[in-house]
Amino acid sequence: MVAYRYRLMFVLICFFLLAFIMAARLAYWQVWPDNILRQRPDLMAHGATNDAPHWRGTIFDRNGYPLAVDVTEYDLDADTRYLDPKATATFLSPLLKMSATDLETNLSIKRPYLRLARSLQADVAQKISAAVQSDILLRGLHLKVAPRRYNPAGSLAGTILGYVNADGKGVYGLESMLDDRLRSQAGSLGGIKLIDPLQFVPARNGTDIYLTIDRVIQDITEQVLFETIISHKAEGGTAIVMNPKTGEILAMASYPSYTPSNFAEIAQKNPDLFQNPAISKIYEPGSVVKVVTVAAGLDTGVITPQSTYNDTGSFTISGLTIENWDRMSHGITSIPVMLQKSLNLGTVHIADYMGQAKFYKYMVDFGFGQPTGVELQGEVSGILRLPGHPRFNQADLYTNSFGQGMAATPLQVINAVAAVANGGKLLRPHIVKEYRDGNTIVAVQPTIVRQVVGSRVVHDLNEMLVGVVENEVTGAAIPGYRVAGKTGTSEIPTATGYDPRWTIGSFVAYAPADDPQIIILAKIDKPQLPLGEQTAAPAVRVIMKQTLGYLGIAPDNIRLAANQANR
Amino acid sequence: MLRRQPNVNLGNSDYWLLGIIISLLCLGLLMVYSTTYFFLDDDPFYFLARQIVWLVLGSGPLLLLWRLDYHYIRRFSVPIMAATMLLLIVILLVGGELHGGQRWLLQSGSIQPSEIAKLAVIIYVADWLSSKGEQIKDVTLGLIPFAILIGVITGLILLQPDFSTSMIVVGIAVTMFFIAGAELLQLGIGLMFGGATLAIILIQAPYRLSRITTFMDPLADPSGKGYQIGLTLQALVNGGFAGRGLGNSVQKLMGLPLPHTDSIFAILGEELGLLGSLMVIGLFAALAYRGLRIALKASDPYGAVLATGITCWITLQALVNVGGVTATIPFTGIPLPFVSYGGSALVSTMAAVGILLSISRTSRVSAPTGKDYASFNIGWRYRGPRLPRLIRR
């Protein structure tokens, strides 16, 4: 008798246990943040679309040349309830290059939806479409327009653009960063009454994006960069062209680079290529930072353009001896000459006069150690250890003053120098010029982050940087234009100190010096020749010369004369 | 024949159970409307109206059987079973083909004979088991005849083909056998044979096997075999904790098949969220508790076994439906009792609830103590429980 009661209780406990399992399963699907469907929403993405095709936004260059567009391909679905499996399999087998018996087995199971093929070209789709209309046995076949991403310019600007995967999701680059805007949306089904006042919503195309990139300048930049890297047997490199007055990125090239449409192959072989080195790869910027140090020195008043210092050839601080790159002492040296000869001891003295607080205020103000905020995916902050950082060292102040012991992205470096070219105003660099959604055009305005240094300082510094090109880095000079620039030769830090064999040569320049229109940075990784002025400076000169010509910026004398005449 | 009893005492009935059923029915009407109003452009109430008609039709048997002494049913258990068998055979021969099965007798109506068969089986098996008494432990008198009986009924349903219903019938029958006092060793051996038979049946029909492989990894082929379960799970995911709100399901508009019957629970989960779906689970758990409590307090072994069978039927069906929707077990075409749209299923489950209420009405009032269990003697030959024979008809 007791057992009877126990048997009932046993059954009840079994039921409760099963109910608990169901509750747990429900919780898994409904609220568990990490279930399969939440991890992979693309798996069921087709469940939320209707048949109307919708197009991802096109990415154009600044002049309206398409860089990434959707082209038409077709998906083939079947409602197997309304077709004859044998006839359909026989018909489709040669077109889809699938075995007829496999197809027939698949088609024999009655179901409202079966994806038969993806990405069919128009000719195949037309054959299927014609056959379905004439043959009642194939009635259950449905063709659906399936856009696929295509890059008309091939590999041009590939690293900037990123790619779109088979599920229509942008991965890497702008395609990923601006995926929300670019992505099109399926409409909700019409002709259905809803309690919710949701009405028929047509499919929506994605927003078109006009970049600040100029296809021609991008092409020039890529070619010059690639040629430079190949001829110097370098490992890689980056070049950026910007408009210092607006923060617009006109070109951004990196080597090695890739063609977005080959993404599947690259993802398998070398997924590191998907990173954009211009914003994701940091390096020790080296002497280019001297521009910032001198600007800070002038702005705080610890130096003037007429200041001099006694270059003794070495400086020792907390056990670390700092020397000039040529290991020589230069005696009484003026600031312009210090910049021209790129003497480390000069900036060490300036940093010493200023002290930690002021020096690092300027470093931060110039944008080091923080992302620039450009609309590109994967931007990193670089490394700038501020006083108070657990690994901050007394010597950091002195090494940082000439760009060692810190790291920055190429974009941070060019943007910091662009602030000097732009009258001391640091801008947020941007790569999107306009968002065009139908007739709505939203133009991206230049954003001033802050006034870093006064215009007086900028004027003096400008002259000093012109002096660098005129007197020292003559390989960067362009006849007819006054070019301002600064080289950098960086050593490559390794786990055991600096790499003795390789360097990174870089050069930043802007022109025309009196009214800067273009600023260019080139950075060549591990070239055969060690110095920035030997590798990067000639590359910058070629890009600069061609770009000035392409943009129709007249040589200084003509331009200034015209200005004079207008006045 | 069925004289109306003038002084029926309903006061002892399990009103908790009635409350649970009414809650589920109301929820069902709400969800049936929400999942069908968009089917026909000119008549949003078409399906709701039909469901209400079926509900009214089901209330008749419920009220009648509630008031009726459930022992009356016992008199007809053999004719009921015979008629059901006949019906199943007739359908096998002439039944219309719909949804790849012969389950539906009439295409326009929604009468599924296997729904009626389940109730008939329960009534008959309860009679059979409780009449065996101590003999149930005898292999030749208990297990073997029982196995043959269930085998024949299940076989007929399997031939429809309706695999899931036949599995539920086996589950109900085995639970009833267990409660009626089956010898555990015999039950174990019987289940082993049953399992072997099941494996053979599965291998024979490829689509069943594919359902099981789909179940192993429901999202491996989201556009093919896993299509329906994928949409169902997406509905649950869309629902989240609080749901999208009544009527706001997206999945029902996106081609989720059978949103008003087999998949109604997924839409409920999408519109009412985890809160709503757990409420339904809670209601069915409460139903199981009340039903088995009625079985425990039943005045005689027949009532006890019958109440167990009915409770087990409703609970198992709910578990199989929810289990399918949540991809816990392979998805099958089993409706959610009281909630899903459907005629014969609703009427037969409501009739069954009427029987349950009738059993509760005549249950023993006092709390069960050892002595109250005089009717469940321990047989002297076996150290197990047995149900003594009551008056043989």
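The values are calculated or read from the model by the stated rules, or taken from the named source; none is laboratory data. Just so you know, these numbers come straight off a predicted model, no measurement behind them. Positions of Cβ are generated from backbone atoms using ideal geometry, with glycine treated the same way; all protein chains shown enter the neighbour counts.
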(request) Being at pLDDT 65 or above, more than 9 Å from every other protein chain (Cβ to nearest Cβ) and touching a Pro at 6+ places or on another chain (Cβ under 8 Å) is the filter here, so list the residues in segment B:213-248 that pass it. (result) B:ILE229
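Inside segment A:111-134, can you point out the residues that are touching an Asp or Glu at 6+ places or on another chain (Cβ under 9 Å) and surrounded by fewer than 18 Cβ atoms within 10 Å (Cβ to Cβ)? Step through it out loud before you land on a result.
Taking segment A:111-134 and keeping what is touching an Asp or Glu at 6+ places or on another chain (Cβ under 9 Å), we get A:111-122, A:125.
Correct list: A:ARG111, A:PRO112, A:ARG115, A:ARG118, A:SER119, A:GLN121, A:ALA122.
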(request) Evaluate segment A:119-139: report whether one residue or more is within 14 Å of another protein chain (Cβ to nearest Cβ) and not hydroxyl-bearing (Ser, Thr, Tyr). (result) no
(request) Go through (1) within 24 Å of B:ARG50 (Cα to Cα); (2) in contact (Cβ under 8 Å) with a residue 40 or more places away in the chain and name the single condition B:PRO257 misses. (result) (2)
(message) Where the second residue is among the acidic types (Asp, Glu) and assigned to a helix (DSSP H, G or I) and the first is assigned by TED's automatic domain parsing to the domain that holds A:LEU320 and lies in segment A:400-419, which pairs have Cβ atoms under 7 Å and are six or more apart or on separate chains?
(response) A:GLY405/A:ASP396
(request) Only residues that are out of contact with any helix residue (DSSP H, G or I) (no Cβ under 8 Å at 6 or more places or on another chain) and not basic (Lys, Arg): list them for segment A:386-404, please. (result) A:GLY388, A:HIS389, A:PRO390, A:PHE392, A:ASN393, A:GLN394, A:ALA395, A:ASP396, A:THR399
(request) Tell me, please, whether a residue that is touching a residue at least 60 places away in the same chain (Cβ under 8 Å), surrounded by 14 or more Cβ atoms within 10 Å (Cβ to Cβ), of a type in the set (A, V, I, L, M, F, W, C) and farther than 21 Å from A:THR238 by Cβ can be found in segment A:491-508. (result) no
(request) Report the residue count in segment B:288-337 for those that are within 11 Å of another protein chain (Cβ to nearest Cβ), of a type in the set (Phe, Trp, Tyr) and not in a helix (DSSP H, G or I). (result) 0
(message) Can you find, within segment B:160-200, the residue that is farthest from B:LEU88 (Cα to Cα) among those that are among the β-branched types (Val, Ile, Thr) and within 14 Å of another protein chain (Cβ to nearest Cβ)?
(response) B:ILE179
(request) Kindly indicate the residue of segment A:88-144 that is modelled with pLDDT under 85 and assigned to a loop (DSSP other than H, G, I, E, B) and also farthest from the chain's Cα centre (by Cα) among those meeting that condition. (result) A:ASP135
(message) Can you confirm whether B:GLN160 is in contact with a Gly (Cβ under 8 Å, 6 or more places away or on another chain), part of a loop (DSSP other than H, G, I, E, B) and on the phi < 0 side of the Ramachandran plot?
(response) yes
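Taking segment B:252-274 as the search range and keeping residues that are within 7 Å of another protein chain (Cβ to nearest Cβ) and surrounded by 20 or more Cβ atoms within 10 Å (Cβ to Cβ), which one is farthest from A:TRP29 (Cα to Cα)? Working first, answer last.
So the first thing to find is which residues in segment B:252-274 are within 7 Å of another protein chain (Cβ to nearest Cβ), and the list is B:253-255, B:257, B:269, B:273-274.
From what's left, surrounded by 20 or more Cβ atoms within 10 Å (Cβ to Cβ): B:254, B:269, B:273-274.
Values: B:MET254: 19, B:GLY269: 10, B:GLY273: 10, B:LEU274: 9 Å.
Selected residue: B:MET254.
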